[in-house]
1. Taking into account only those residues within segment 173-194 that are closer than 19 Å to L79 by Cβ and touching a residue at least 40 places away in the same chain (Cβ under 8 Å), which is surrounded by the most Cβ atoms within 10 Å (Cβ to Cβ)?
2. When you check V284 against the structure, is it of a type outside the set (S, T, N, Q), surrounded by fewer than 24 Cβ atoms within 10 Å (Cβ to Cβ) and within 22 Å of V133 (Cβ to Cβ), yes or no?
3. Residues that are within 22 Å of the chain's Cα centre (by Cα): which helices (runs of 4 or more DSSP H) entirely in segment 234-323 hold 2 or more of them?
4. Mind listing whichever residues of segment 286-301 are out of contact with any helix residue (DSSP H, G or I) (no Cβ under 7 Å at 6 or more places or on another chain) and of a type in the set (S, T, N, Q)?
5. Suppose we filter L18, L73, L48 for residues that are touching a Pro at 6+ places or on another chain (Cβ under 8 Å), within 30 Å of T185 (Cβ to Cβ) and buried (at least 21 other Cβ atoms within 10 Å of the Cβ); which single one remains?
6. Of all residues in segment 210-235, count the ones that are modelled with pLDDT of 75 or more, crowded, with 17+ Cβ neighbours inside 10 Å, within 16 Å of D88 (Cα to Cα) and of a type outside the set (A, V, I, L, M, F, W, C).
7. Answer yes or no as to whether L204 is more than 18 Å from T69 (Cβ to Cβ) and in a helix (DSSP H, G or I).
8. I need a count of the residues in segment 125-149 that are in contact (Cβ under 8 Å) with a residue 60 or more places away in the chain and either closer than 18 Å to H75 by Cα or touching a strand residue (DSSP E or B) at 6+ places or on another chain (Cβ under 8 Å) (or both).
Amino acid sequence: MDIFTQYKPWIDRINECLLESVSPRLPRTLSEPIHYFLNNPSKKIRPLLNIFCCEAVGGNVEDAIPAATAIELFHDFTLVHDDIMDEDDLRRGKPTIHKKWDSGTAILVGDALIGLSFQQLVKSPANYLNQVVKIFSEALVKVCEGQALDKSFETAPQVTPDNYLDMIAKKTAWLFKASCEIGTTLGGGSARQVEQLSQYGYRLGLAFQIQDDLLDFTADENKLGKKIGSDFKMDKKTYITLRYQSILNENPALAKQYPLNETDYQSLADFQKALRELGVVNAVETEINQYFEESVNSLREALPQVNDHPLHQISRFLHDRQY
């Protein structure tokens, strides 16, 4: 049984809350594309992390539902705006909002989603509300900072793998971290549990994003739900391309055999072949596994080692995913 079947009641509950968050008073030109996006299937990993962190420390999961809904709306906001900036045609196998409507509509949808997320967040229990809003607001600023760094990389003369890790820590891992931190806080977890489960989410987020970069070069398009190679097509700096360049910079002999820039390759297939020949794919897979291992170690520090706990199951699912 996969996690989507096992946790379907929770995913259905989150989906219901997402749709209920959209006011019927919104103009149809805004509500229609919002409903279109929210009705697309998704993994709901971040709200599940929030709910299960709350449950793991002995909290009432009902207290986490508003924040879980807010976190997914926050995530959806980032996806809508990312699709515009990345010029992606497909999201979850369907046309992106800026392709189906236009960029102006997509910008408004993203703005509305972040507003709706705060409307849900403030429904959290009053005794934790200040702390929860602080964590959530910090995550919003960090995600925007990460996106700004991502855009700056497009014209930067040099970007190192460490620069890239700093960017994805903010753009991706921070929301994983915040999801776990908010859930643990709402569950009444100790300071140590909040710290350890935050680190669990943070490391999980790093692994998730690097894995996402790798899947853009190696995944099955039918499983991924969009065309692979979008980063290659846009000459976008990713962890894969930066690791490729670092290998060539460190090995002058290899630099004579392979182009330094992926743009010098005639096709994605040629670049994929080089990535495998140079061991980039294997090296990145090793790093991904390391981050997953570190995340699980933090989880075990916070909780007794129970391998069938939902947080362990989510970790294993993400580790093994192909989409």
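The values are calculated or read from the model by the stated rules, or taken from the named source; none is laboratory data. What you see is a predicted model; the values in this text were computed from it and never measured. No Cβ is skipped: glycine too gets one built from the backbone with ideal geometry, and neighbour counts run over all protein chains shown.
1. Initially, segment 173-194 is screened for residues closer than 19 Å to L79 by Cβ, giving 173-179.
Next, only the ones that are touching a residue at least 40 places away in the same chain (Cβ under 8 Å) stay: 175-176, 178-179.
On the way: L175: 25, F176: 28, A178: 29, S179: 34.
Filtering segment 173-194 for residues that are closer than 19 Å to L79 by Cβ and touching a residue at least 40 places away in the same chain (Cβ under 8 Å), the one surrounded by the most Cβ atoms within 10 Å (Cβ to Cβ) comes out as S179.
2. Judged against the criteria, V284 is not a match.
3. Answer list for segment 234-323: 239-250, 280-302, 310-320.
4. T286, N289, Q290, N297, listed by residue number.
5. Values: L18 fails: touching a Pro at 6+ places or on another chain (Cβ under 8 Å); L73 fails: touching a Pro at 6+ places or on another chain (Cβ under 8 Å).
Step by step, each of L18, L73, L48 is checked, and only L48 is touching a Pro at 6+ places or on another chain (Cβ under 8 Å), within 30 Å of T185 (Cβ to Cβ) and buried (at least 21 other Cβ atoms within 10 Å of the Cβ).
6. Total meeting the criteria: 4.
7. yes
8. Counting residues in segment 125-149 that are in contact (Cβ under 8 Å) with a residue 60 or more places away in the chain and either closer than 18 Å to H75 by Cα or touching a strand residue (DSSP E or B) at 6+ places or on another chain (Cβ under 8 Å) (or both) gives 6.
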